[in-house]
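All of the numbers you see were taken from the coordinates with simple rules; none came from a lab. On a predicted model such as this, the values are computed, not experimentally measured, just so you know. All Cβ positions, glycine included, derive from the backbone under ideal geometry; neighbour counts span all protein chains shown.
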Amino acid sequence: MPYVTLEELLACVGKDLGFSDWIQIDQERVNQFAECTGDHQFIHVDPEKAKLTPFGCTIAHGFLSLSLIPKLMEGLMPLPKGLKMAVNYGLDSVRFIQPVKVGARVRLGLTLLDAQEKNPGQWLLKARTVLEIEGEAKPAYVAEPLTLCFV
């Protein structure tokens, strides 16, 4: 993660900050997420049954795709120098556009929308993230995660 001065952080507001590396969404990752969450809907975990759906294969859980945000933001999201910790503060909005088929590769695009001092030593960062699916015209989702930084 790039650590920047508060002035540099504020200068990043409104800017596209690039893309993460591509990662592949494989069936094992989907199965592990199903196990952790108890969501074993066939469209996620049964390749044979999923072949008969309009998707033609298993798809990742929407919340699995969302859970990738913190990892994929690493190296993209500027954080204030002197950071003691950063915590997930929630999401302002999420729109799922299309599912991620198992076997697809995805990457995250990031734009910093806002950086405000919420309390002394606490900076709230709002980003716009777009999870692109390799070879697809439409993204998997557009989401606005919030990160609370303690400096």
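The table for this structure:
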{"item": "Selection count where residues are acidic (Asp, Glu) and touching a Lys or Arg at 6+ places or on another chain (Cβ under 8 Å), scope segment 65-113", "result": "1"}
{"item": "Which listed residue is basic (Lys, Arg) and in contact with a Cys (Cβ under 7 Å, 6 or more places away or on another chain), from Lys81, Lys51, Lys15", "result": "Lys51"}
{"item": "Qualifying residue in segment 98-105 (condition: under 16 Å from the mean Cα position of the chain (by Cα) and hydrophobic (A, V, I, L, M, F, W, C))", "result": "yes"}
{"item": "Some residue of segment 83-93 being assigned to a loop (DSSP other than H, G, I, E, B), closer than 19 Å to Tyr141 by Cα and not β-branched (Val, Ile, Thr)", "result": "no"}
{"item": "Contacts under 9 angstrom Cβ, first residue in segment 13-28 being among the aromatic types (Phe, Trp, Tyr), partner surrounded by 12 or more Cβ atoms within 10 Å (Cβ to Cβ) and part of a loop (DSSP other than H, G, I, E, B), 6 or more apart", "result": "Phe19/Leu76"}
{"item": "Qualifying residue in segment 132-150 (condition: on the phi > 0 side of the Ramachandran plot and either assigned to a strand (DSSP E or B) or touching a residue at least 40 places away in the same chain (Cβ under 8 Å) (or both))", "result": "no"}
{"item": "Helices (runs of 4 or more DSSP H) contained in segment 1-72 and holding at least 2 residues touching a helix residue (DSSP H, G or I) at 6+ places or on another chain (Cβ under 6 Å)", "result": "27-37, 42-45, 47-50"}
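Each row is one residue, and each column tells you yes or no for (1) part of a strand (DSSP E or B); (2) surrounded by fewer than 18 Cβ atoms within 10 Å (Cβ to Cβ); (3) in contact (Cβ under 8 Å) with a residue 40 or more places away in the chain; (4) under 9 Å from the mean Cα position of the chain (by Cα).
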site	(1), (2), (3), (4)
Leu108	yes, no, yes, yes
Thr111	yes, no, yes, no
Glu117	yes, yes, no, no
Leu124	yes, yes, no, no
Ala127	yes, no, yes, no
